[in-house]
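Please read the structure below before turning to the comments.
The values are calculated or read from the model by the stated rules, or taken from the named source; none is laboratory data. Everything numeric in this text was worked out from a predicted model, so none of it was measured. Methodologically, a virtual Cβ is constructed for each residue, glycine included, from the backbone with ideal geometry; neighbour enumeration extends over all protein chains shown.
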């Protein structure tokens, strides 16, 4: 069976650690983030009372600036702190 591919742009954290692990095992996923976009930082990457900890899944393609050469985009795997 072929693995499904998911590509998102500016995606917030959408689930907990178990959800992130499930998606990583089930899909090939790439999240594209542009520097300065606040949405991928939500919800915060710290445990929230009564809710828990949200995590990113998949590979992250980080674009430092919109005029950047695509060959210089930074790629991360899993959760990354964006500064």
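For segment 13-23, which residues satisfy the criterion of being part of a helix (DSSP H, G or I) and surrounded by fewer than 16 Cβ atoms within 10 Å (Cβ to Cβ)?
The first filter runs over segment 13-23 and keeps only residues part of a helix (DSSP H, G or I), leaving 17-23.
Matches in segment 13-23: 17, 18, 19, 21, 22.
Does residue 6 meet the test of being surrounded by 10 or more Cβ atoms within 10 Å (Cβ to Cβ) and in contact with a helix residue (DSSP H, G or I) (Cβ under 9 Å, 6 or more places away or on another chain)? So residue 6 fits the description; yes.
Kindly evaluate residue 82 against the criterion of being within 11 Å of the chain's Cα centre (by Cα), modelled with pLDDT under 90 and exposed (fewer than 12 other Cβ atoms within 10 Å of the Cβ). Here the answer is no, as residue 82 does not meet what is asked. Scan segment 53-77 for residues that are outside any loop (DSSP other than H, G, I, E, B) and surrounded by 13 or more Cβ atoms within 10 Å (Cβ to Cβ) and jot them down. Passing the criteria: 55, 59, 60, 61, 62, 63, 74, 76.
Tallying residues that are within 11 Å of the chain's Cα centre (by Cα) and either surrounded by 14 or more Cβ atoms within 10 Å (Cβ to Cβ) or in a helix (DSSP H, G or I) (or both) within segment 25-49 yields 8.
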